[in-house]
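Working notes, structure below.
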Amino acid sequence: MAAIGAGASPDPYGRIAYPGLIAWPERLQREAPLLQRVLGAGPSRQVLDLGCGSGEHTRFLTALGFQAIGVDVSPSQVDAARRADPAGRYLQVGLTTLGDGIRAGQGGALCLGNTLPHLCEEAEVLSFFSGLAPLLLPSAPFLLQLLNYDRILDRGERTFPVVLRPGEAEGESTLFLRLMTHHGGGRLTFTPAHLCYRPGTATPLELVAAHDVPLHGWRRAEVEALLGACGFQVREVLGSMTGEAWSPTSTDLVIVAVPAAG
């Protein structure tokens, strides 16, 4: 997902073709049962896809019968979402300034794809959560997913599995590398890199794009405390978007919360 602060500049998310690096049909089908269970229990079908990137979840939820609004601060990602879905609704708004362009009365919200760690300061996360709470109807679910930083930080993990996808030309492949540098206190530098692999050529491996992104690896206890401070009640904690129980070694941290008044 794209960066989601109030106004990140420059926009690094136009440099790597993220949609082509994810097997979206398979991912969406895996996540569909949880999305339908959580969001379908909300008080209305109008939902926010926060940090929507190029809009894959927004379009999928729309196909499931939700009135989904995609929200992202990255102009390149919002432009890509609008090109793919001219009839959809996509807003260029940062997570810390949701009230600037979104009306209250939403029936649910989701924030997926490790978006939250782009907010590196506690004050930014508090601004996000406190700004979202009044936009939601009573009992409206907030589905939050990020990587399990309890595991990543405790183990000092520095890489993710290499993603290998078909390239644009015959015989080419696209590689997506993701590296992390730990700075202590949950601070990380995330370095995604897009490479083109052309076996048997003079330059079999070419770096297409790479950039550094500052992240904060928020632990489960920190996220739950910040949600509680902003008027949310945590209803469920999972270890993946397919519903496994959370543990300190889980792949993900998935939290379902509702406004406390609900």
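Just so you know, all these numbers are worked out from the coordinates, no wet-lab data involved. Here the structure is a predicted model, which means the values were calculated and not measured. Heads up, the Cβs are rebuilt from the backbone with ideal geometry, glycines too, and the neighbour counts pull from every protein chain shown.
Stretch residue 177-residue 83 to full length: gain in nm at 0.36 nm per residue minus the Cα-Cα span? Spell out each step's value before the answer.
Details: separation 94, 0.36 × 94 = 33.84 nm, distance 2.67 nm.
Once the chain is fully extended between residue 177 and residue 83, it gains 31.2 nm.
Quickly estimate the mean residue ellipticity at 222 nm for the chain, helices only: each DSSP H run with n ≥ 4 gives -39500 (n - 2.57), and the total goes over all residues, rounded to 500.
Numbers: 6 runs with 63 residues, N = 262.
-7000 deg cm²/dmol, from helical runs alone.
For a quick check, take a GNM of the chain with Cα springs below 10 Å and name the residue from 246, 218, 24 with the largest mean-square fluctuation.
Top of the fluctuation ranking is 24.
From the phi of every residue in the stretch 95-111, what ³J(HN,Hα) in whole Hz does the Karplus formula 6.51 cos²θ - 1.76 cosθ + 1.60 yield, where θ is phi - 60° and glycine or proline is x?
5, 7, 9, 4, x, 6, x, 10, 7, 5, x, 6, x, x, 8, 9, 9
Extending each Cα 7 Å along its Cβ direction at residue 203 and residue 191, get the distance between those two points in nm, one decimal.
Once both label points are built, they end up 2.0 nm from each other.
Distance between the C-alpha centers of the stretch 121-152 and the stretch 33-109? Whole Å please.
So the separation of the two Cα centres works out to 15 Å.
Quick check: residue separation of residue 122 and residue 30 times 0.36 nm, minus the Cα distance between them. What number comes out in nm?
Net length gain for the segment: 30.0 nm.
Of (1) 40; (2) 17; (3) 12, which is the value of percent of Cα pairs over 35 Å apart derived from the coordinates here?
Of the labelled values, this structure produces (3).
What list do you get for 197, 90 if you sort them by fewest beta carbons within 10 Å?
197, 90
With a cut-off of at most 14 other beta carbons within 10 Å, and DSSP calling the residue loop, which GluC sites (Glu not before Pro) in the stretch 93-125 qualify? Please list them.
Sparse-neighbourhood loop GluC sites (Glu not before Pro): 121.
Using a basic spin-label model with each label point 7 Å from the Cα along Cα→Cβ, how many nm lie between residue 244 and residue 168?
A separation of 3.6 nm, rounded to one decimal place.
Roughly how big is the chain's charge dipole about its Cα centre, with Cβ charges of +1 (Lys, Arg) and -1 (Asp, Glu), in debye to the nearest 20? Working shown, then result.
On the way: 20 positive and 25 negative charges, 73 e Å.
With Lys and Arg at +1 and Asp and Glu at -1, about 360 debye.
Please arrange 85, 252 by how many other C-beta atoms lie within 10 Å of their C-beta, fewest to most.
Working: 85 17, 252 20.
Arranged by neighbour count, lowest to highest, 85, 252 become 85, 252.
Just tell me the longest site-free run in the chain, where the sites are trypsin sites (Lys or Arg not before Pro) in a DSSP loop having at most 16 other beta-carbon atoms within 10 Å.
Numbers: sites that count: 15, 45, 103, 158.
The segment 159-262 is the longest one with no such site.
To make sure I understand, if each residue's beta carbon is the centre and we count other beta carbons within 10 Å, what order do 66, 190, 160, 129 fall in, fewest to most?
160, 190, 66, 129
Report ³J(HN,Hα) in whole Hz for each residue of the stretch 177-182, in order, from the Karplus equation J = 6.51 cos²θ - 1.76 cosθ + 1.60 where θ = phi - 60°; Gly and Pro get x.
Running phi through 6.51 cos²θ - 1.76 cosθ + 1.60 with θ = phi - 60° gives 9, 9, 10, 9, 10, 8 Hz.
Residues with beta-carbon under 11 Å from that of residue 240, excluding residue 240: net charge, scoring Lys, Arg +1 and Asp, Glu -1?
Taking every other residue near residue 240 into account, the sum is -2.
Mind telling me which of 47, 208, 78 comes out most flexible in a GNM of the chain, alpha-carbon contacts under 10 Å?
With Cα springs under 10 Å in the chain, the top fluctuation among 47, 208, 78 is at 208.
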